[in-house]
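All remarks here apply to the structure that follows.
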């Protein structure tokens, strides 16, 4: 991890910018996490994206009148880089006194600034206050199984794929499970990251106690959100060998930003984008 890079803003005292500055954006190579789990950028075993919601976006109309909106960024999993979250926050704050003719002009500026940083085209959506009432909070449906009510003993708090196992004597099933007990830690600051992880699969029945122990095993792990989800996907595929698999984590916001990585086998239906109550 590039924790000793003097240009990395995360974990350092920062002076918030008074003027627009796209150079504040700091890329982090996806290979840092993928090399550790044996995933090649040229042969990804999954499809997916990272959905970033940014709640602290403001700018000026040509008249000088301030405006606010929610920014949604969708970054493909095929991108070479992610953007470091504090650098994104600083960049967005640099727009506070910038004047834009309209919402479309602002969206184009953000897209043009972020695309070369992550190394691929991204999708930018700006949600105005008039549409805030339509932003839904949605929890898992009745058909999804919560893993968290199991009364089991857990003593492993570092990722351990060996915890995963299939139930004996079960044929192929379709199942949707989730846990609100996902916790990992920022590899730079050590601050906790909290999330709900949703796992949908078709294949042999995964043992629920084993799966919950595996999810909780990330509790002391230091890894960016995207890297944790990719490790989960690869570990479940290797140990349980489902025919199809989708892993989606909805992390709570920090610094006005929540990050929601999704990784799945090709052809999987993308998850709904509604927020959880914790977000």
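Quickly run through the stretch 255-274 and pick out the residues that are over 21 Å from residue 231 (Cα atoms) and surrounded by 18 or more Cβ atoms within 10 Å (Cβ to Cβ). Reasoning before the result, please.
Taking the stretch 255-274 as the starting set, the residues that turn out to be over 21 Å from residue 231 (Cα atoms) are 255-257, 272-274.
257, the sole residue that qualifies.
Can you name every residue in the stretch 78-101 that is surrounded by fewer than 20 Cβ atoms within 10 Å (Cβ to Cβ), in a loop (DSSP other than H, G, I, E, B) and in contact with a strand residue (DSSP E or B) (Cβ under 9 Å, 6 or more places away or on another chain)?
Hits for the stretch 78-101 are 78, 80, 96, 97, 98, 100.
Scan the stretch 199-217 residue by residue and report those that are within 13 Å of residue 167 (Cβ to Cβ) and in contact with a helix residue (DSSP H, G or I) (Cβ under 6 Å, 6 or more places away or on another chain).
206, 210
I'd like to know if the stretch 227-243 contains one or more residues that are part of a strand (DSSP E or B) and touching a strand residue (DSSP E or B) at 6+ places or on another chain (Cβ under 9 Å).
Residues of the stretch 227-243 that are part of a strand (DSSP E or B), as a first pass: none.
No, the stretch 227-243 has no match at all.
Among the residues in the stretch 41-61, are any surrounded by 18 or more Cβ atoms within 10 Å (Cβ to Cβ), within 17 Å of the chain's Cα centre (by Cα), part of a helix (DSSP H, G or I) and at pLDDT 95 or above?
No: zero hits.
From (1) under 30 Å from residue 40 (Cβ atoms); (2) surrounded by fewer than 16 Cβ atoms within 10 Å (Cβ to Cβ), pick out the condition that doesn't hold for residue 105.
(1) is the only condition that residue 105 fails.
Residues that are touching a residue at least 40 places away in the same chain (Cβ under 8 Å), within 25 Å of residue 149 (Cβ to Cβ), out of contact with any helix residue (DSSP H, G or I) (no Cβ under 7 Å at 6 or more places or on another chain) and part of a helix (DSSP H, G or I): does the stretch 247-255 have at least one?
Taking the stretch 247-255 first, the residues touching a residue at least 40 places away in the same chain (Cβ under 8 Å) are 247-255.
Filter once more, keeping what is within 25 Å of residue 149 (Cβ to Cβ): 247-252.
Still in the list and also out of contact with any helix residue (DSSP H, G or I) (no Cβ under 7 Å at 6 or more places or on another chain): 248, 250, 252.
Right, trim to part of a helix (DSSP H, G or I) and you get none.
No: zero hits.
What are the residues in the stretch 185-218 that are at positive phi and outside any strand (DSSP E or B), if any? Working first, answer last.
Initially, the stretch 185-218 is screened for residues at positive phi, giving 190, 203.
Residue satisfying the conditions is 190 alone.
Counting only residues that are touching a helix residue (DSSP H, G or I) at 6+ places or on another chain (Cβ under 7 Å) and at pLDDT below 95, which one in the stretch 12-32 is surrounded by the most Cβ atoms within 10 Å (Cβ to Cβ)?
17
The values are calculated or read from the model by the stated rules, or taken from the named source; none is laboratory data. Everything numeric here is computed off the predicted structure, so don't read it as measured data. Cβ sites come from the backbone with ideal geometry, for glycine too, and all protein chains shown count toward neighbours.
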